[in-house]
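Encoded as structure tokens, here's the structure I'll be asking about.
The values are calculated or read from the model by the stated rules, or taken from the named source; none is laboratory data. These figures come from a predicted structure and were not determined experimentally. Cβ: placed from backbone, ideal geometry, glycine included. Neighbour counts: every protein chain shown. These accessible areas exclude ligands, DNA and RNA; they are computed on the full protein's heavy atoms, side chains included. Shrake-Rupley method; radii C 1.70, N 1.55, O 1.52, S 1.80 Å.
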Amino acid sequence: VQWTAPAVPSIGTTLVDSSDQDHTLAWDGGTLTDTVTYQNLTPGKTYTVAGELIRKSDGTSTGITGKTTFTPTEANGTTTVTFTVPAGYDGQILVAYEELYTGTTSTGQPIAVHKDFNDTAQTITINNKPKVPTTPPDHGTTPSGHGTTPSDNGTLASTGGVAPLALGGLAILTIVAGTTLLAVRRRTRS
């Protein structure tokens, strides 16, 4: 009789953006789905897959975790782990690390691990936050060049219309009236 070693459980993962199934996520966050493929599990036995997202830049944890407990009906199959990524990770590349445990908790020694820092299938790129275009300040002028909007100092801008002409005319009338009044007074004194 020849002895055969039991098959060793193994897992592999594919991480995608839940909304469009690609390997990029919006800058302001979203949900990621990690499809975990397992092999050589015992049908009818309970297992737990626990995952964590790691920064590819320096290998540190993001603190974003997910896990699922399942009971396979066949030795080979798939299950999913969901990660919710908040805003604040824009421009980063994240890698999913997964561990498989026997039972309903993710404590103790895992029976299978998938932690491949260079596996593109378990890697997500978070888009960069769009840059807000800078616009020149409004100096109280319209496209025609005649100001009709409040200026930067809080006062209404000049429209370039009748008001400056009327003020100029009033100033001239005041000068003429003043000159006439002086002439009349001189004549009455003499």
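With every protein chain kept in the model, how would you rank Glu74, Glu99 by accessible area, 1.4 Å probe, largest at the top? Provide the component values of the computation, followed by the final result.
Values: Glu74 120, Glu99 40 Å².
Putting Glu74, Glu99 in descending order of accessible area: Glu74, Glu99.
Per-residue accessible area for Ile111 at 1.4 Å probe radius, Å² rounded to 10?
The accessible area comes out at roughly 60 Å².
Which sequence of Glu52, Glu98 reflects their accessible areas, 1.4 Å probe, from the largest down? The partial results should precede the final answer.
Working: Glu52 65, Glu98 0 Å².
Result, largest first: Glu52, Glu98.
Of the listed peptides 58-71, 29-42, what is their order by residue-averaged count of other C-beta atoms within 10 Å, with the highest listed first? Can you show the working numbers first?
On the way: 58-71: 13.4, 29-42: 18.2.
Descending mean neighbour count gives 29-42, 58-71.
Obtain the radius of gyration and the Kirkwood radius of the stretch 1-142 from its C-alpha atoms and give Rg over Rh.
Values: Rg = 20.1 Å, Rh = 16.8 Å.
Rounded to two decimals, Rg over Rh is 1.20.
While we're here: In 10 Å bins starting at zero, report the fraction of Cα pairs in the stretch 1-77 per bin as a rounded %.
Spelled out bin by bin, the stretch 1-77 gives 15, 38, 28, 14, 4, 1, 0 percent.
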